[in-house]
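The values are calculated or read from the model by the stated rules, or taken from the named source; none is laboratory data. Everything numeric in this text was worked out from a predicted model, so none of it was measured. Here the Cβ is made from the backbone with ideal geometry for all residues, glycine too, and neighbour counts use every protein chain on show. Keep in mind that these areas ignore ligands, DNA and RNA; they rest on the heavy atoms of the full protein, side chains included. Shrake-Rupley method; radii C 1.70, N 1.55, O 1.52, S 1.80 Å.
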Amino acid sequence: MIASLMMYMRPELDAAHARCWGQIRAELAARGVAAPVVLSHDVDEFRVWNDPHLVLSQTCGMPYRKWLHDKVTLIGTPDFGVPDCPPGYYKSAIVVRADDTRGALPDFKDARFAFNQTFSQSGFAAPYAHTKPLGFWFTDRVQSHSHLSSARAVAEGQADIAALDAVSWRLIARYEPFAERLRVLEWTSPTPGLPYIAAAGADQPATFDAVSAAIAALEGPDRSALGIQGLIPIPKEAYLAVPNPPESDS
């Protein structure tokens, strides 16, 4: 068995995540679903997502619709209460340096864009969909491998602009002093948030109920720290309807 909830991990949240997983594990056990004691956060994400014994993990919308949707069980989508989004949805903060005098997104068409991964919905697909109607896509791009690194690259002048998952940006703004050197230029349109998945053939109703009950049972400080409010049954079709950037622009 394997489980991993690596997407919004930070050292400051380790204890809250551990308590949340303990509650999820107990709720799964109460419904006859076995789960590992320890989360495998040090295992490569694609190895986790494709493991035939995956109990629970969180993936990104773009890998789910491109590679995983017909190989895993969609459990549900956690709701992080992102402002101006339907429950379970999120969006990207397009951030620039606070002292950058450029005031509109088209002013950055020749700027250096930092992105975490080409298969990231929030870091790559969402800003692509946001800029193309304006007649451009960033040609000067640098890969950072994480939202935190993208934000830091902009703050430190190694890049000029980046798109960050709204929940990741919330945590960066809370915990990283360099965030004071950044500002949100624009927000992208909402799309379905990062879904929980399990291996093909998993008991979806039991797992959904277990995770929902665990979230509902979170103590106030942990709920506030993690920002999670509930579990939403967003259908597979909603994920598959989100467009991917063409390979030529990736």
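Within segment 63-84, can one find any residue that is buried (at least 23 other Cβ atoms within 10 Å of the Cβ) and over 30 Å from ILE197 (Cβ atoms)?
There is no residue in segment 63-84 that is buried (at least 23 other Cβ atoms within 10 Å of the Cβ) and over 30 Å from ILE197 (Cβ atoms).
Which of the strands (runs of 3 or more DSSP E) contained wholly in segment 65-169 include at least 2 residues that are over 14 Å from the mean Cα position of the chain (by Cα), closer than 15 Å to GLU186 by Cα and among the aliphatic types (A, V, I, L, M)? Reasoning before the result, please.
Values: elements: 72-79, 92-97, 113-115, 141-143, 161-165.
Those strands (runs of 3 or more DSSP E) span 92-97, 161-165.
Which residues, counting only those in segment 25-50, are open to solvent by less than 80 Å² (accessible area, probe 1.4 Å), under 20 Å from the mean Cα position of the chain (by Cα) and either more than 26 Å from ARG65 (Cβ to Cβ) or among the charged types (D, E, K, R) (or both)?
Matches in segment 25-50: GLU45 only.
Which one of these is touching a residue at least 60 places away in the same chain (Cβ under 8 Å), among the small types (Gly, Ala, Ser), open to solvent by 20 Å² or more (accessible area, probe 1.4 Å) and closer than 26 Å to GLY103 by Cβ: SER144, SER168, SER189, SER212? Steps first, answer last, please.
Details: SER144 fails: touching a residue at least 60 places away in the same chain (Cβ under 8 Å); SER168 fails: open to solvent by 20 Å² or more (accessible area, probe 1.4 Å); SER212 fails: closer than 26 Å to GLY103 by Cβ.
So the residue among SER144, SER168, SER189, SER212 that is touching a residue at least 60 places away in the same chain (Cβ under 8 Å), among the small types (Gly, Ala, Ser), open to solvent by 20 Å² or more (accessible area, probe 1.4 Å) and closer than 26 Å to GLY103 by Cβ is SER189.
Assess whether ALA162 counts as being in contact with a Cys (Cβ under 9 Å, 6 or more places away or on another chain) and surrounded by 22 or more Cβ atoms within 10 Å (Cβ to Cβ). Spell out how you get there, then give the answer.
Working: in contact with a Cys (Cβ under 9 Å, 6 or more places away or on another chain): no; surrounded by 22 or more Cβ atoms within 10 Å (Cβ to Cβ): yes.
It is false that ALA162 is in contact with a Cys (Cβ under 9 Å, 6 or more places away or on another chain) and surrounded by 22 or more Cβ atoms within 10 Å (Cβ to Cβ).
Report the residue count in segment 172-199 for those that are in a strand (DSSP E or B) and touching a Leu at 6+ places or on another chain (Cβ under 7 Å). Even if it seems obvious, please write down each step before you answer.
Of all residues in segment 172-199, those in a strand (DSSP E or B) come to 182-187, 191-192, 196-199.
Imposing the further condition that a residue be touching a Leu at 6+ places or on another chain (Cβ under 7 Å) reduces the set to 185-186, 196-199.
Number satisfying all stated conditions: 6.
Looking at ALA3, ALA34, ALA29, ALA18 in this structure, which one is hydrophobic (A, V, I, L, M, F, W, C) and in a loop (DSSP other than H, G, I, E, B)?
On the way: ALA3 fails: in a loop (DSSP other than H, G, I, E, B); ALA29 fails: in a loop (DSSP other than H, G, I, E, B); ALA18 fails: in a loop (DSSP other than H, G, I, E, B).
After applying the criteria, what remains is ALA34.
Quick check on this structure: which one of ALA202, ALA206 is of a type outside the set (Lys, Arg), within 20 Å of GLY22 (Cα to Cα), touching a residue at least 60 places away in the same chain (Cβ under 8 Å) and not in a helix (DSSP H, G or I)? Quick ask: steps written out before the conclusion?
Numbers: ALA206 fails: not in a helix (DSSP H, G or I).
Answer to the check: ALA202.
Kindly evaluate ARG31 against the criterion of being among the basic types (Lys, Arg) and under 30 Å from ALA200 (Cβ atoms).
Working: among the basic types (Lys, Arg): yes; under 30 Å from ALA200 (Cβ atoms): yes.
Answer is yes for this residue.
So which residues in segment 171-185 are open to solvent by less than 60 Å² (accessible area, probe 1.4 Å) and either on the phi > 0 side of the Ramachandran plot or touching a residue at least 12 places away in the same chain (Cβ under 8 Å) (or both)?
Let us first name the residues in segment 171-185 that are open to solvent by less than 60 Å² (accessible area, probe 1.4 Å), namely 171-173, 176, 178-179, 182, 184-185.
Residues satisfying the conditions are LEU171, ILE172, GLU176, PHE178, ALA179, LEU182, VAL184, LEU185.
When the residues of segment 51-62 are narrowed to those that are closer than 23 Å to ARG25 by Cβ and not small (Gly, Ala, Ser), which ends up most open to solvent (accessible area, probe 1.4 Å)?
Here is the first cut: in segment 51-62, the ones closer than 23 Å to ARG25 by Cβ are 51-59.
Applying the additional criterion that residues be not small (Gly, Ala, Ser) yields 51-56, 58-59.
Values: ASP51: 36, PRO52: 99, HIS53: 119, LEU54: 7, VAL55: 16, LEU56: 0, GLN58: 7, THR59: 0 Å².
Out of the qualifying residues, it is HIS53.
Just give me the residues in segment 84-141 being among the hydroxyl-bearing types (Ser, Thr, Tyr) and more than 14 Å from ALA163 (Cβ to Cβ), in sequence order. Quick ask: steps written out before the conclusion?
In the first step, residues of segment 84-141 are kept if they are among the hydroxyl-bearing types (Ser, Thr, Tyr); the result is 89-90, 92, 101, 118, 120, 122, 128, 131, 139.
Those that are among the hydroxyl-bearing types (Ser, Thr, Tyr) and more than 14 Å from ALA163 (Cβ to Cβ): TYR89, THR101, THR139.
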